[in-house]
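Taking it in order: structure first as structure tokens, then the write-up.
The values are calculated or read from the model by the stated rules, or taken from the named source; none is laboratory data. Being a predicted model, the structure only gives us computed values, none of them experimental. Cβ placement follows ideal geometry from the backbone for every residue including glycine, while neighbour counts extend to all protein chains displayed.
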Amino acid sequence: MEYLDKNIYEIHEALANKKVTPLDLVKEALDKIKNDTNNAFEYVYEKEAIKLAEELSKQEVEVDNPLWGIPFAIKDNFSTKDIPTTASSKLLEGYLPPFDAEVYTRLLNKKAIPIAKTTLDELAMGGTGSSGHLGKTFNPWDKSKTRMIGGSSCGSAAACAAGIVPFAIGSDTGDSVRKPASYSALVGFKPTWGRISRFGLFPFAPSLDTVAYFTRNVKDSALLLNVLGGHDIKDTTSSSIPIEDYQSLKDKPYKATIIKEIYDDLKDKTIKDAFDKLVSELKQKGYKINTVSIGFDLAKAIYSCYYIISSAEATSNNANLDGIKFGVNKEAETYEEMLFKVRTEGFSDRIRRRFVIGSISLLEENQQEIYLRALRCRRVIVETFNKILESSDAIILPASPTIAPLFGDDIPKKSFAKDAMISDNYLAFANLGGYPSITLPLGFEDEMPFGVNITSHHFTEAKLLKIAQTVEQITGLKDLSKK
Ligand code: GLN
């Protein structure tokens, strides 16, 4: 009997009814990891997980704690004390963090069992799941291994989608959980910026970074927010607004908004039809759905603005990866020489490209024209979306205009060109604005999944999750995995 392809509450029930023990679950997970061919893992907690499970198996099940004894995976850009943590970068090989990330501590306190650190695009900078030092991570839904699962949280998505863990932690700076979720029939959720402590998450672009995660249904997502959300004294940017009970809100006919330019950019008929059908079913439930235009230029600016700001922040926040404080040491006469060697050999060219773009935009002579202009552009984008979300409960759109792309199609050739693939790159608006945002399954094309994304105003996660649950009810798509 398998359990790990079920959702958290189902596994909890099996534990509470003594149908299975934490040790059985850990053995099942380790077994599946051994046979997995998706290249999703950086480090597997073989001994540690067995030890923890053995201890738990001797104790009484905590019936009020659904996470008790549940195996999970966590992206390898979270600090885990004395457990190798590389962020899938050659530069960090052998690094053992001296402390635990806050989300990890909270999960350990709930007696959830870490089973693996998962692969990512190097330093979380990427969307293809192919740029980490272990190479490509594959999509369990595509047995020919030609399609990506997307990134940067590729390994966490693959572990959850393959039925190895019922939930997995990732991070979302632009779309890194919400896009892979669309490609792998999972629920991918990022809360409001500051809702979950980022302590121990490697910074990519701190003004955009959010702890985010994959589950198999919306209810599990809500449960995790109740555990992970809330102020943390170690992260001064974490909010002290109290958390709510994210599972209890009553459904009512909400108002949702479609953004015209993003919708109009959709070309895939199956995805468009599935989305239109969802919209009409929401209307039948009493939802009011309107379409708002933000203008082509603004829609197009989202990704460029994101790219400049995230690259600039990444450049300054990763300056500590110099081979002395962090990273593999190299023989060198001077600090500059060391930096040059370590960063040339340690980073892939995709990372170096981001740091070059970040450095150029931060140069004193360019700051006004590039970096500060991007900040002003961010302000216009955020004011536009704030206004929409003040008069509407949520923005709803397909999470991606396509099913998972083929590897090789991974570097969009036209990303800054006139038809800027708006519908492929718009999700970063939720990071620019710090809004909570969730992707969940919407349909299938050629046996590959695609998702719908819903975003709401700051700290309205309870409402957002409720709307998502209504969508989940309509589509009937939940608790999915692919062996
Ligand atoms: N795909 C986006 C990028 O490459 C988002 C990355 C992320 O959210 N970590 O920048």
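Observations, loosely collected:
- For the residues Thr137, Thr128, the requirement of being under 23 Å from Val26 (Cβ atoms) and within 16 Å of the ligand (Cβ to nearest atom) singles out Thr137.
- On inspection, Ser176 passes the criterion of being part of a loop (DSSP other than H, G, I, E, B), within 12 Å of the ligand (Cβ to nearest atom), touching a residue at least 40 places away in the same chain (Cβ under 8 Å) and crowded, with 24+ Cβ neighbours inside 10 Å.
- Among the conditions (1) under 27 Å from the mean Cα position of the chain (by Cα); (2) closer than 26 Å to Ser197 by Cα, Glu62 misses just one, which is (1).
- Looking across Leu440, Leu363, one residue alone is modelled with pLDDT of 95 or more, closer than 26 Å to Cys154 by Cβ and more than 16 Å from the ligand (Cβ to nearest atom). It is Leu440.
- Residue pairs whose Cβ atoms lie under 6 Å apart, separated by 6 or more positions or on different chains, with the first residue in region 350-362 and more than 19 Å from Ser89 (Cα to Cα) and the second of a type in the set (A, V, I, L, M) and at pLDDT 95 or above, are Ser361/Ile308; Ser361/Ala312; Ser361/Ile370; Leu362/Ala312.
- When we screen Gly170, Gly132 for residues that are outside any loop (DSSP other than H, G, I, E, B) and either farther than 29 Å from Ile11 by Cα or under 15 Å from the mean Cα position of the chain (by Cα) (or both), the only hit is Gly170.
- With respect to (1) out of contact with any Cys (no Cβ under 9 Å at 6 or more places or on another chain); (2) at pLDDT 95 or above, the lone exception for Ala168 is condition (1).
- Failed item in (1) within 16 Å of the ligand (Cβ to nearest atom); (2) of a type in the set (S, T, N, Q); (3) at pLDDT 95 or above; (4) surrounded by fewer than 21 Cβ atoms within 10 Å (Cβ to Cβ), with Ser392 passing the rest: (1)
- Odd one out for Leu375, checked against (1) surrounded by fewer than 13 Cβ atoms within 10 Å (Cβ to Cβ); (2) in contact (Cβ under 8 Å) with a residue 24 or more places away in the chain; (3) hydrophobic (A, V, I, L, M, F, W, C): (1)
- Hey, Leu201 away from the ligand (no atom under 16 Å from the Cβ) and either at pLDDT 95 or above or in contact with a helix residue (DSSP H, G or I) (Cβ under 8 Å, 6 or more places away or on another chain) (or both) or not: no
The rows are residues; the columns are (1) within 16 Å of the ligand (Cβ to nearest atom); (2) at pLDDT below 95; (3) within 20 Å of Phe202 (Cβ to Cβ).
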{"position": "Gln284", "(1), (2), (3)": "no, no, no"}
{"position": "Ala299", "(1), (2), (3)": "no, no, no"}
{"position": "Asn329", "(1), (2), (3)": "no, yes, yes"}
{"position": "Ala332", "(1), (2), (3)": "no, yes, no"}
